[in-house]
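Worksheet for the structure shown next.
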Amino acid sequence: MTARPELALVEGFERALINNRLHMVYQPKVRMRDGALTRVEALVRWDDPEFGRVAPSRFVPLAEKHGLIEELTQWGLRTTLRQWLKWRDEGIDTCIAFNISALSLEQLDFPDLVERMCRALDVPTDRLVLELTESATQPLIKLMDTLTRFRIKGIGLAIDDFGAGYSSLMQLRQLPFTEVKIDRFFVNDAVTSKDSRLIVAAIVDLAHGLGLTVTAEGVETREQLQLLLELHCDVVQGYLISHPLEPDGLVDWKRDFRARWWALIEEERLALWSDVEPNPLG
C-alpha cells in the first residue's frame, strides 16, 4: 500500500470511529460434549461508502501504526459489554471473547480500565475472555505482571492462532492463559494430513496437561468436527457451527442449533466421552 492510499484509509477509519460506522458481529462457540453455547467471539466490521468492506487484517494494523488502537479497543469493549447485557436480559448468559492488541497491554492501567468498564455496566469479569494472537506472545512475556492482573480480576486470556507462529512452549507455560485456540490451518488440514492431525492431537494433550481449555477455530465440515471429537477438543467454532451473527440473531440461532447439533454428531461418537472427565472452561 502506497503512502497516499494508506493515509486515505486511515482518515476514513478515523471518521468511521468518530461517526459510529463500525459494527460488531458475533460468532458462537459451542462445547463439544453437548453442543451448548459457551462463548461468542466479538468481531469488528467496517463497511465504508468509499472503500467498501475493509477487512480487519487491513485496518487493525493501521490503527496500531497510527495511534488509533486505543480508541478502537475501548469502542469494541463498550459495544461488546453492552451487547452482553442485552443477551442476558433475553435469557442468554454466556461468555464473550474480545481480541486485543499487544500494544494495549503496554498501558499499565489497561487491566484496571477493563475492570472499570465491566463494573460500570454490571458485567461480571469472569464473563470476559481477552484473545491475543500467538505472534504477540514474544513481547507479552515482558508483560507478565499485566497479564497476571487480568487473571486476578477474573478475566480469561486466550492465545489465538496457536501453532501458526513460533512461540516457545516455555512461554505457553509461563503466561497465565486459560485457553488455547488451534489455528484454522491445522484444523482444515487434519482430516487429510497425518502430520496436521498429530499436531492437533499434541496441542490438545499439551493444553489439557496444563489445565487449559482447547478451542478449534475454522471448523467447516462434519469430518473435521468428528475428528476433533475423537481428539477430545473442548470447544469448536466455525462456519459449520455458525457464520458470524448480527447481535439480534443469537437468540434464534441458540434456539435452533441444539437440534441441528445432534444431527451433526454420530451417536456412537458420543461414547468416546463417556469415560473422559470434561476439561473445565476457563
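Observations on the structure shown:
- Whole-percent carbon and sulfur share, accessible surface of the chain, 1.4 Å: 52
- Residue of ALA216, ALA201, ALA42 that the Gaussian network model of the chain assigns the largest fluctuation, springs spanning Cα pairs under 10 Å: ALA201
- Shown here: the range 1-111, whose C-alpha atoms stretch 51, 35, 26 Å along the first, second and third principal axes, sorted largest to smallest.
- Per residue, in Å², the accessible surface of the chain once ligands and nucleic acids are set aside, probe 1.4 Å: 48
- Kirkwood radius and radius of gyration were both taken over the C-alpha atoms of the range 1-59, and their ratio Rg/Rh is 1.19.
- Residue among VAL54, VAL235, VAL219 with the largest mean-square fluctuation in a Gaussian network model of the chain, springs linking Cα atoms under 10 Å: VAL54
- Helix 110-120 vs. the chain, principal-axis angle (Cα, 0 to 90°, nearest 10): 80
- Dividing the helix sum by the residues of the chain, where each DSSP H run of 4 or more adds -39500 (n - 2.57), gives a mean residue ellipticity at 222 nm of -13500 deg cm²/dmol.
- Percentage relative contact order, the chain, counting C-alpha pairs under 8 Å, at least six apart: 18
- Computed from Cα atoms alone, the Kirkwood hydrodynamic radius reported for the chain is 19.7 Å.
- Straight-distance candidates among the lysines for linking to LYS153, with alpha-carbon spacing under 25 Å and chain neighbours fewer than 8 residues away dropped: LYS29, LYS86, LYS142, LYS181.
- For ALA36, the amide hydrogen comes within under 5 Å of the amide hydrogens of ARG31, counting only partners 5 or more places away or on other chains and with H modelled in the peptide plane.
- Taking amide H positions as modeled 1.01 Å from N, with prolines and chain starts lacking one, the residues under 5 Å from ASP48 and 5 or more places away or on another chain are ARG53, VAL54.
- Couplings 3J(HN,Hα) for the range 210-225, derived from phi with the Karplus relation 6.51 cos²θ - 1.76 cosθ + 1.60 (θ = phi - 60°), are 8, x, 9, 6, 10, 10, 9, 9, x, 6, 10, 10, 5, 5, 4, 4 Hz, where x marks Gly and Pro.
- Computed 3J(HN,Hα) for the range 67-82, one whole-Hz value per residue from the Karplus formula 6.51 cos²θ - 1.76 cosθ + 1.60 where θ = phi - 60°, is x, 10, 5, 5, 5, 5, 5, 5, 4, x, 5, 4, 4, 5, 5, 5, glycine and proline marked x.
- In degrees, nearest ten, helix 194-209 long axis to first principal axis of the chain (Cα): 80
- Note on the chain: with a GNM built from Cα contacts shorter than 10 Å, the maximum mean-square fluctuation among VAL251, VAL236, VAL25 falls on VAL251.
- Rounded to 10°, Cα long-axis angle of helix 3-18 versus longest principal axis of the chain: 80
- Within the chain: Cβ-based charge dipole about Cα centre, in debye rounded to nearest 20 (Lys, Arg +1; Asp, Glu -1): 320
The values are calculated or read from the model by the stated rules, or taken from the named source; none is laboratory data. Just so it is clear, the structure is predicted and the values come from calculations on it, not from any experiment. Every residue, glycine as well, gets a Cβ built from its backbone with ideal geometry; the counts of neighbours run over all protein chains shown. To get the accessible areas, we keep the full protein, side chains included, count just its heavy atoms, and leave off ligands, DNA and RNA. Shrake-Rupley method; radii C 1.70, N 1.55, O 1.52, S 1.80 Å.
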